[in-house]
Amino acid sequence: MDVEPVIMSAGELESERAGEPGRLIRDRYRTASQVIQNKVRRCL
């Protein structure tokens, strides 16, 4: 099976800087979107 996961852990969302967790989530969704456009199966 040609599946590649996009992983995000709760620990990565802990940040002292405002907006950093939101940026991380946007980046991960953008990565998943690019993979979908390339027709590779991926889970998020």
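Coordinate-derived values only; no laboratory data. Just so it is clear, the model here is predicted, and its values are computed rather than measured. Positions of Cβ are backbone-derived with ideal geometry, glycine not excepted, and every protein chain shown enters the neighbour counts.
Given charges of +1 on the Cβ of Lys and Arg and -1 on the Cβ of Asp and Glu, with all other atoms neutral, how large is the dipole of the chain about its Cα centre, in debye to the nearest 20?
Values: 8 positive and 7 negative charges, 59 e Å.
Charge dipole of the chain: 280 debye, to the nearest 20.
Where (i) -0.69, -0.73, -0.96, -1.10; (ii) -0.77, -0.80, -1.03, -1.18; (iii) -0.85, -0.89, -1.09, -1.16 are the candidate values, the label of the one calculated here for log10 I(q)/I(0) by the Debye sum over Cα atoms at q = 0.23, 0.24, 0.30, 0.34 Å⁻¹ is (ii). Annotation note: trypsin sites (Lys or Arg not before Pro) in region 1-39 located in DSSP loop regions with a Cβ neighbour count of at most 10 within 10 Å are ARG17, LYS39. Spin-label model, ALA18 to VAL3: label points 7 Å out along the Cα-to-beta-carbon direction sit 4.0 nm apart. As a check on your grasp of the helix formula, calculate [θ] at 222 nm for the chain: sum -39500 (n - 2.57) over DSSP H runs of n ≥ 4, divide by the residue count, round to the nearest 500. -14000 deg cm²/dmol, from helical runs alone.
Going by C-beta contacts inside 10 Å, put SER15, SER9 in order with the fewest on the left. Don't jump to the answer; show the numbers that get you there.
Numbers: SER15 12, SER9 7.
Ranking SER15, SER9 by Cβ neighbours within 10 Å, fewest first, gives SER9, SER15.
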